[in-house]
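Colleague: Got a structure for you, written out below as structure tokens; questions coming shortly.
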Amino acid sequence: MDEQMPLGVTITEIREETPSIRTFVFDRAIDARPGQFVMVWVPGVDEIPMALSSPSSITVLKVGDATAALFAMQVGDRIGVRGPYGNGFSVTGRTLAVAGGVGASPLLPLIKAGQVDTFLLGARTASELLFADQIRGAATLMVATDDGTAGHHGFVTRLMSRVDLADFAHICVCGPEVMMAAVLAILDREGCADRGQFSLHRYMKCGVGLCGSCCTDPHGLRVCRDGPIFPGDVLLESDFGRYTRDASGRRQRI
């Protein structure tokens with residue numbers, strides 16, 4: 001497909017993964033690498049970047065106007081998809097994955113490809129643990145919940161002390177940026193920030209590297225083209241974990 005033009009797709013299945021997260025399956029497969037994203041056009045509402053949870057699905061947390069409109073859709077409704085964009089994860093050897101909330105979505109293709117050895121999964125509560133059964137069937141799964149209803153009582157970052165980071169060639173991370181910044185701080189302390197691969201989410205308008213709305217400070221790296229996956233040692237010298245920018249370019253503290 002022409003990645004600059006939206007491809008009209010029909011929603012063929014809607015799965016309620018957790019009380020706040022749904023997977024929307026559509027009738028066309030996108031040839032993408034794990035970690036790449038697409039721009040999803042919700043007619044009459046907005047176009048937003050979304051990670052692919054499979055070649056033919058996006059997994060969505062209801063957080064704004066566009067996602068609320070998606071949640072109101074039914075099987076048979078149509079959306080627009082263009083992409084894939086970005087660089088994706090690149091792993092060989094033993095891989096550790098760390099995810100919080102809907103951050104498990106771009107990591108699921110790595111799981112399905114058998115490329116993750118150990119997965120640390122966090123959520124607010126047990127019912128919000130995303131893809132736990134699928135992960136458990138393909139990797140060693142360790143879970144943490146903020147309220148203690150499953151696994152470790154506390155943040156997923158606390159689980160990192162239960163694994164030997166030296167055992168892993170790659171550490172792939174996705175979730176709320178505050179969580180990812182805490183993971184990076186641990187990797188930096190242990191001297192292995194360069195082995196981290198972090199999936200960033202930034203406000204995007206074009207998705208193809210032209211508008212500059214998703215650039216990081218101070219390097220000017222574009223999340224849509226140079227990312228969305230960035231090495232941890234690059235992020236140590238950036239705005240990561242400190243602030244993002246809104247649609248007007250103003251800083252928003254994380």
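The values are calculated or read from the model by the stated rules, or taken from the named source; none is laboratory data. Because the structure is predicted, anything quoted here is derived from the model rather than measured. Here the Cβ positions follow ideal geometry from the backbone for every residue, glycine too, while neighbour counts run over all protein chains shown. With ligands, DNA and RNA removed, areas are computed over all heavy atoms of the protein, side chains included. Shrake-Rupley method; radii C 1.70, N 1.55, O 1.52, S 1.80 Å.
Colleague: Over the alpha-carbon set of the range 155-212, divide Rg by the Kirkwood Rh and report the Rg/Rh ratio to two decimals.
Modeller: Using Cα coordinates only, the ratio equals 1.08.
Colleague: A further question follows. Can you give me the solvent accessible area of M160 with a 1.4 Å probe, rounded to the nearest 10 Å²?
Modeller: So the heavy atoms of M160 present about 10 Å² to solvent.
Colleague: Tell me, in nm to one decimal, what length is gained between R158 and L236 on full extension, where the rule is 0.36 nm per residue of separation less the Cα-Cα distance?
Modeller: So the chain would gain 26.0 nm between R158 and L236.
Colleague: Can you work out the accessible area per residue across the chain, with the rest of the protein chains kept in place, probe 1.4 Å, in square angstrom?
Modeller: 44
Colleague: Helix-derived [θ] at 222 nm for the chain: sum -39500 (n - 2.57) over DSSP H runs of at least 4, divide by residue count, nearest 500?
Modeller: -3500 deg cm²/dmol
Colleague: Next up: Any chance you could run the full-extension gain for A169 through D188? It's 0.36 nm times the residue separation minus the Cα-Cα distance, nm to one decimal.
Modeller: Full extension from A169 to D188 adds 5.3 nm.
Colleague: While we're looking at this one, here's another question. From a point 7 Å beyond the Cα of D27 in the direction of its Cβ, which residues of the range 58-81 have a backbone N at a distance under 13 Å?
Modeller: Only 75-79 pass the distance filter.
Colleague: How big is the charge dipole of the range 156-223 about its Cα centre, in debye rounded to the nearest 20, if each Lys and Arg gets +1 on its Cβ and each Asp and Glu gets -1 on its Cβ?
Modeller: Once rounded to the nearest 20, the dipole reads 260 debye.
Colleague: How are the alpha carbon pair distances in the range 65-194 distributed across 5 Å bins from zero to the largest one, expressed in percent?
Modeller: 2, 10, 19, 21, 19, 13, 9, 5, 2, 0, 0
Colleague: Could I ask something else about it? Using a 1.4 Å probe over the heavy atoms of the protein chains, calculate the carbon and sulfur portion of the accessible area of the range 67-160 as a whole percent.
Modeller: Of the solvent-accessible surface of the range 67-160, carbon and sulfur hold 50 percent.
Colleague: Okay, moving on. Out of C174, C214, C192, any idea which swings most in a Gaussian network model of the chain, alpha carbons joined below 10 Å?
Modeller: It is C192.
Colleague: Could you give the nm distance between label points at R253 and S90, where each point is 7 Å from its Cα heading toward the beta carbon?
Modeller: Result: 3.7 nm between the two label points.
Colleague: So in the chain, what percent of DSSP beta bridges are antiparallel if you round to the nearest 5?
Modeller: Bridges in the chain that DSSP calls antiparallel: roughly 60 percent.
Colleague: Mind running the shape call on the range 199-254? Use the C-alpha gyration tensor, a ≥ b ≥ c as the square roots of the eigenvalues: rounded below 1.5 for a/c, prolate if a/b tops b/c, oblate otherwise.
Modeller: Verdict is oblate for the range 199-254.
Colleague: Which shape class applies to the range 161-254: rounded if a/c is under 1.5, otherwise prolate when a/b exceeds b/c and oblate if not, where a ≥ b ≥ c are the square roots of the Cα gyration tensor eigenvalues?
Modeller: Here the range 161-254 falls in the prolate category.
Colleague: Can you classify the range 18-132 as rounded, prolate or oblate using the Cα gyration tensor, where a ≥ b ≥ c are the square roots of its eigenvalues, rounded means a/c under 1.5, and otherwise it's prolate if a/b beats b/c and oblate if not?
Modeller: oblate
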